[in-house]
Every structure is written in structure tokens, then in C-alpha cells.
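Data block below; observations after.
The values are calculated or read from the model by the stated rules, or taken from the named source; none is laboratory data. Owing to the predicted nature of the structure, the values given are computational and were not obtained by experimental measurement. Glycine also receives a Cβ, built like all others from the backbone with ideal geometry; neighbour counts cover every protein chain displayed.
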Amino acid sequence: MSEALLYSEPEEELRAAVADLLADRAAWASVLARTESAEPYDTELWKTLGGGIGVAGLLVPEELGGAGASLREAAVVAEELGKAVAPVPFLGSLTATALLLAARESGNGTAALADDLLRRIAAGEQTAAVAIPFSRSPDTTYRGRVSVTPWPPREDPHEARLTGRVTSVADALPADVLLVPADGSIYVVRAADAQRTPVTTLDMTQVLCDIEFDDAPGQILAIGYAPLAQALLSAAAVLASEQLGLAEQCLKTTVEYVKTRHQFGRAVGSYQGLKHRLAQLWVQIAQARAVARYAVSSSGDEQVIAVAVAQAHCSAVAVQAAEECVQMHGGIGFTWEHPAHLYLKRAKSASIALGSPARHRRRLAELVDLPAS
Amino acid sequence: MPPLITQHDLENRIQDLLAAHDPGTTSRLDFLHARFDAGLAWLHYPPGLGGLGLPRGLQPAAEKAFAAAGAPDNEPQRIGIGLGMAAPTILGFGSDEQKQRWLRPLWCGEQVWCQLFSEPGAGSDLAALATRAVRDGEDWVVNGQKVWTSMAHEARWAILVARTDPDVPKHQGLTYFVLDMSAPGVEVRPLRQLTGEAEFNEVFLTDVRVPDSQRLGAVGEGWKVAQTTLMNERVAIGGGAAPRESGMIGVLASAWREQPEVRDPALHDRLLTLWVAAEAARLTAMRLSAQLAAGQPGPEGSAAKYAFASLNQQISSLELELLGEQGLRYDDWTMRRPETVSFVGRSPGYRYLRAKGNSIEGGTSEILLNIIAERVLGLPGEIRVDKDVAWKDLPR
């Protein structure tokens, strides 16, 4: 098991390909400029990443045109995207893919529909998102405000109409297809058949939206929410690696800065007040790497524990790294023109996404038999 | 180049040894001697010195095979300083004669080793140490005081760093020796610590004669030699993979589970936060050992030691607080001489007190953070006012 905590050679190759592309196409200045443009998502970059490098179809089985890879490879991509705070719908697309895979394997729904969507996703033709608030943690028994009419469907049992509202959905703006949990089942709705309203978000590089369904036609994908729970668990596991990448990038830029910034005739990085905090951050990040790798390498019940640990730990480390990045840059770190704020906003949002650290600790308490009272 | 030994050959050699020296009928020491002579002691050591020049990664499998056959071990916890610090230094800097003389009885546990490095006036700043060694014919005459010496009261040999030239800057005037603890002029006194017991000793050296043949490395090269010892110390303290909830967090978790009456909602999130931190530290140690096995040694060793010190202190502190009235009691202040340190099996108060040493022994947490900041992150070093000053002119 312990070798699984390292990176394999193919994983390093994938990392290099993604890193090269991002260096070329997602320099932070352009990421910042895009946040105030009409197109908050970089759809061109996503096309190259998703279709060109094959990131969109990583988890999709080879017989459906994907790479047949595991969460481990997806996690390496997430690390690089975290380093760049890249405005692409990778995590949302991964969540939807994981949901489709779980639905396909559950045998409790329409495998042909799942297969068809997975094929399109792998080919880079379509992007899917799960219509659920981004803050939902994997453990919650989800009760949304979307309902299905008529129930039971009268003519075609696979057709239904969805009405209701979901708020703060991640990566749904650039999506073509929405996977919508409603009344205990999961439906596929064309994004064009729903009303999506962008939200002004804390993290400007991942714009959320509110979604309104008004008698929108939907096809049933799966009965029951089990695939949803599995998808959120996979997403939370991969998010930990995004947080790791973000933290690494914050540490790297901060270390570079404190070596060059001089005050009182010395590099500010020569003062123990900063040195020791940066060393502590490095220790935290070394730990984050181990727990993030473990979260994407384990399975079954062990994965549930591993993901809760990874989310509780990596969320906190990413926030700490981004906060130290702002503080140790001093005045320049507080400006709009410096990228530190992009990392701070992403880190804080990501710590709430898919469940806050406290939420994951509470979940752990149940999992490892340490009840509150 | 010697022929490569495969995993299969190794298994055969182990089985051959076990067949020729049945652990059930062979005396403990005879078996260990035979194991050493067959090169199956420390596999990564050279042939003739208890090894076969194999990768370190094969050692755990060999230990398992011997344990499964009921073979006696060399009580590694009792001879940790010899195995972990003295041996790699002797291997790295000793002459052939020195290696032949010391390594076999060291590994077999016949001779216990201790380390004479720290002094009352030289802790973190070890290179400032004041114990003097003065050349006299074929011998050196040693005078000084060492401290924090585990096993000194049982040791036959010590690794010693002493000042041979006070007129040059501190790092340049040191020389590394092996000292016979049974020689006249060596006095060992227990050093009682705040837990009530004495794991360590003070060692007073008065006109102790050390033959020049017991010098390791050149005169004035003692600091370089000592680096080898200290690097190995940190690997020994930080490393290792353990099951979930081993160590202090397991004790705390058991207390929470088994004594519902002490559960306090206000402490619950702190408990879980520490549980997560302990699990993160455990997985990091696991990743570190995978890196070492894959031949990618990382600087995570210093990080692991730092993290465990901080964790142990926080966990033991919460345990006392959680236990309330029980936390007011202490098991035993009797002065004792434990051979090994175990946090389990003593009262929570002991754990709380003993953990205070974790951030001091083997490199203080502050020094470890300096090391990470400077060697890993490449941040500027501390300002050294003593760098170019003769040792004798330094304020002390």
C-alpha cells in the first residue's frame, strides 16, 4: 500500500503535459483578467485539456473512448490545476463522470444513457455537471428542492418533468448536460432546458450558478442517490489534491519572494519569524501530499475514512498556505494586481466545498467510533 | 563486481542458516554470531561485515523470515545507539581493523554503545563543545563533562567528539574517538529527569586515556564524522510506519471510547483534529518509508520528527484535561532506570511530562525548523557571529 502514496511514471508524464499547457495558457495575469470578463470559464483551455490531453475522459472506460484511468491520475491533474487556479470545469466534470460511472455499475438505472453520455464526455463533445450545491459533503442525505411531475410518469417511464431550484452549483455554467437529483432519483436534463443564473462568488475563478427548473424535461438515469454519494466522495478525494497543489504554489511563490524582499538590510526570509512559519507550512504540505495520495488510492470503507481525513487536513493546509502567502507578501499581497488573492479566494472556497473541515471531522467521529457524547 | 544476489538466493541463504543452526537448539549468541558471519545481519553492509551489500529494502523481509522461524533477535531497542549511530559512522570512517573489531559484537548485542556528544554548555550548538582531548604519546588524554547519555551505565563503548584544537574556529578543532567506558577516569551518574526516572546519564571524564588507534577519521575532522552519526539519528527517530491509532492517539481514543463519563462536547472537535493530525503524520511516515525503499530519500525525516513531537505534546495535554480528576494523579515518582521509553503503561501525567522531551531530544523543534527552512526551502541561514572566531575566544 505504501508505494501507492508515491507518484508513478505515467502520472508524472500526465502532470508534465498539463503543467506545460497551463504555463502556456493560464498564466495568472490572464486568469485574473478573465475574472472580470464576460466569460469567466476558459472554454478554449478546457477543450484542449479535456479533448486534447484527454483529461475529461480520464475516468471513462476505454471501451467508451476514455483513458480508463483512476482517481490517482485525476488527482495529479487537480494538483496542477490548483497551482494555476485555472478557470476550467474539471472538478464538476469529474463529479458528473463519477456519478455516471456509479450509475452504470449500480444496475439500478439506464446504463445505455450513462454510456452515451460518458462517450460524449470522453470525446470532448459535451461537458456535464451535477446540480447540487457545491458545499454539500459526501455524507449528507441530500434533500433538494427539485421535484418531479407527473409522478409516476404516465406515458414513457423514462421521461419526467422537473421543477424547482438548486443554488450555488459548481461548473454548471459551461455544462451542456445537468445531472439532477430529484425525488430520490437522478435525472439527465439538457442545460439549455434550465435557467442558469451566475452568482457573484468569493472564488472568482470558479463561478457558481443558481439553477431554476420549470417543467424541464428529464430522463431518468438512476434510481436512488447512492451514485451521488459515490460521486461526491470521489470529488472530495480529488479536491484534496487540488488543495495540495494550491498550497504548494503559495509556498513556492512566498519562499521566492521572501528571498528577494529586503527590509532592515536583510532578506525578510532570513528572519526566524518567517522562516519557522514557512518550515511549518512545508511540514503540513508534506503531510497533505501523503493524505491526498491515500484518499485517491484507497477504496471501499477505507476510502470513506481516507477522504474525510484528506478533506479535514488539506482544506486547512490550503487556507493556511494562502493566508501566509498574503501576509508574507506584505502590502503587495493585499493588492488586486498580485495573484495572492486568487489563491486565498480559491482556498477558502475550496475548504467549504464538498463539506467544511469541521463537517468532515464530525463524519470521522461516526466512522471511527468517537461519538461526541 | 560480486555476482548479484536475488531475492530467491537470499531466502535460500536464510533457510540454509536456519537449517545449520536450529534456533531451537542453538544458544542465542551462537545463532547471532552465525547470522552475522553469513552476511545476514544488516543486509546492506558489505560482505565480511555482517552484510551482503544488498538494498536496505530487503531487510524487513529477512527480519520477518527469522522471526517466523523463532530465531532470537539482537534486541535492537537495547542497542539502538550502536546500530543506528555508532555502526554507520564506524562503517563510513573506520579502518578495516576498527570495523573488524567493533561491528560484530555491536550487532550481536554483546557490547552496548553510547554517545558522548552533548554537554551542559553545548546542546543545539554542539560544535561549541568543550571536552578536551590532548595528545600524549600514542594516547589522547580526555577531560570534560558529557550529558544526556542514554545507556552510559551499561555501555562498553562510546562514540565521543572532543576538542583537539581550541585555537581554530569551533567546527575545525574537533576530533572523533571511540572511548572505552570501562577505562579509568570514566564516571557515570544518573541524570534524573522531570518524570522522576533517569533514562539518561551525565558522564564525567577525568584524564581518560584513549589510544590513537581508537580515533575515527582525521584529527580536526570530527565535525564531518559527527554529521554521519547525527543524520542517522534523525532517520532512527522519525522513521517507521505503524498501524492507525498507534502511539499516543490510540491511548487518547481508547480513553474517550471506554470512559463515556469523561466525554466533553467542548473537547470533541479538538480530539478529532488531533486524530486527523495523527493520521496525517502516520501516512506521511508511511510515504517516507516508501520513498526510502524506492531509493528516493527525502528531507521528510526532519519533518516527521518535528510533527511527532508537537503531536505527542498536544495529545497528552488533551488527555490530562479530558480525564479531569484522574489527571490530578501520577503513578510513581520513584527514581528508576528504564532501558526503553514507552508512553503506554504509564499514567497520563507521565505521558504529558515525557512528551516535553520530544521537542528537545535529537534536535530541538526550533533547530529542525531552521534545518527545513535553510536546507529544503533554501532560505538564508542564521547570522553566525562565531564563524571566524577561535573557539577559545567565544563567550561561554
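When B:Leu194, B:Leu230, B:Leu271, B:Leu267 are checked against the criterion of being crowded, with 22+ Cβ neighbours inside 10 Å and either among the hydrophobic types (A, V, I, L, M, F, W, C) or in a loop (DSSP other than H, G, I, E, B) (or both), a single residue qualifies: B:Leu271.
Scanning the stretch A:268-280 for residues that are farther than 20 Å from A:Ala247 by Cβ and either at the interface with chain B (Cβ under 7 Å from one of its Cβ atoms) or not in a helix (DSSP H, G or I) (or both) returns A:Ser270, A:Tyr271. Of all residue pairs spaced 6 or more apart or on separate chains, those with beta-carbon atoms under 6 Å, a first member in the stretch A:339-366 that is assigned by TED's automatic domain parsing to the domain that holds A:Leu233 and a second member that is in a helix (DSSP H, G or I) and at pLDDT below 95 are A:Pro339/A:Trp28.
Answer with yes or no whether A:Val296 is buried (at least 24 other Cβ atoms within 10 Å of the Cβ), within 13 Å of another protein chain (Cβ to nearest Cβ) and more than 24 Å from A:Leu344 (Cα to Cα). Yes, satisfied. Apart from one condition, B:Ala390 fits all of (1) outside the structural domain of B:Leu116 (by TED's automatic domain parsing); (2) surrounded by 15 or more Cβ atoms within 10 Å (Cβ to Cβ); (3) more than 25 Å from B:Gly80 (Cα to Cα); the exception is (1). The residue that is surrounded by the fewest Cβ atoms within 10 Å (Cβ to Cβ), counting only those in the stretch B:274-306 that are more than 7 Å from chain A (Cβ to nearest Cβ) and in contact (Cβ under 8 Å) with a residue 60 or more places away in the chain, is B:Gly295. In the stretch A:115-144, of all residues being among the hydrophobic types (A, V, I, L, M, F, W, C) and within 16 Å of A:Ala67 (Cα to Cα), the one that is modelled with the lowest pLDDT corresponds to A:Ala123. Residue count for the stretch A:221-248 under the criterion of being farther than 21 Å from A:Ser137 by Cα and within 14 Å of chain B (Cβ to nearest Cβ): the result is 2. Flag: B:Tyr330 does not match the condition of being aromatic (Phe, Trp, Tyr) and within 14 Å of chain A (Cβ to nearest Cβ). Among the residues examined, B:Ser316 qualifies as in contact (Cβ under 8 Å) with a residue 24 or more places away in the chain, among the polar types (S, T, N, Q) and surrounded by 18 or more Cβ atoms within 10 Å (Cβ to Cβ). For B:Ala255, state whether it is closer than 30 Å to B:Leu230 by Cα and of a type in the set (A, V, I, L, M). Judged against the criteria, B:Ala255 is not a match. In the stretch A:314-333, which residue that is out of contact with any Pro (no Cβ under 8 Å at 6 or more places or on another chain) and without any contact (Cβ under 8 Å) to a residue 60 or more places away in the chain is surrounded by the fewest Cβ atoms within 10 Å (Cβ to Cβ)? Looking at the filtered set, the residue picked out is A:Gly331. For the condition more than 9 Å from every other protein chain (Cβ to nearest Cβ) and hydrophobic (A, V, I, L, M, F, W, C), A:Val291 does not qualify.
One line per residue, one yes/no per condition, for (1) surrounded by 17 or more Cβ atoms within 10 Å (Cβ to Cβ); (2) of a type in the set (D, E, K, R); (3) within 14 Å of chain B (Cβ to nearest Cβ):
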position: A:Glu12; (1), (2), (3): no, yes, yes
position: A:Ala16; (1), (2), (3): no, no, no
position: A:Leu32; (1), (2), (3): yes, no, no
position: A:Ser37; (1), (2), (3): no, no, no
position: A:Pro40; (1), (2), (3): yes, no, no
position: A:Thr43; (1), (2), (3): no, no, no
position: A:Trp46; (1), (2), (3): yes, no, no
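Answer yes or no as to whether A:Val283 is at the interface with chain B (Cβ under 8 Å from one of its Cβ atoms) and free of Cβ contacts under 8 Å to residues at least 60 places away in the same chain. Answer is yes for this residue. Could you please let me know if A:Gly265 is away from chain B (no Cβ under 14 Å) and surrounded by fewer than 24 Cβ atoms within 10 Å (Cβ to Cβ)? So A:Gly265 fails the test. Looking across the stretch A:347-373, the residues that are in a helix (DSSP H, G or I) and among the aliphatic types (A, V, I, L, M) come down to A:Ala347, A:Ala350, A:Ile352, A:Ala358, A:Leu364, A:Ala365, A:Leu367. When the residues of the stretch A:334-365 are filtered to those that are charged (D, E, K, R) and within 26 Å of A:Leu94 (Cβ to Cβ), the one that is surrounded by the most Cβ atoms within 10 Å (Cβ to Cβ) is A:Arg346. Pairing each residue of the stretch B:175-192 that is touching a residue at least 40 places away in the same chain (Cβ under 8 Å) with any residue that is surrounded by 16 or more Cβ atoms within 10 Å (Cβ to Cβ) and among the hydroxyl-bearing types (Ser, Thr, Tyr), provided the two are 6+ apart or on different chains, yields C-beta distances under 7 Å for B:Thr175/B:Thr164. Under the condition of being closer than 21 Å to B:Val251 by Cα, touching a residue at least 24 places away in the same chain (Cβ under 8 Å) and among the hydroxyl-bearing types (Ser, Thr, Tyr), the residues counted in the stretch B:331-387 number 4.
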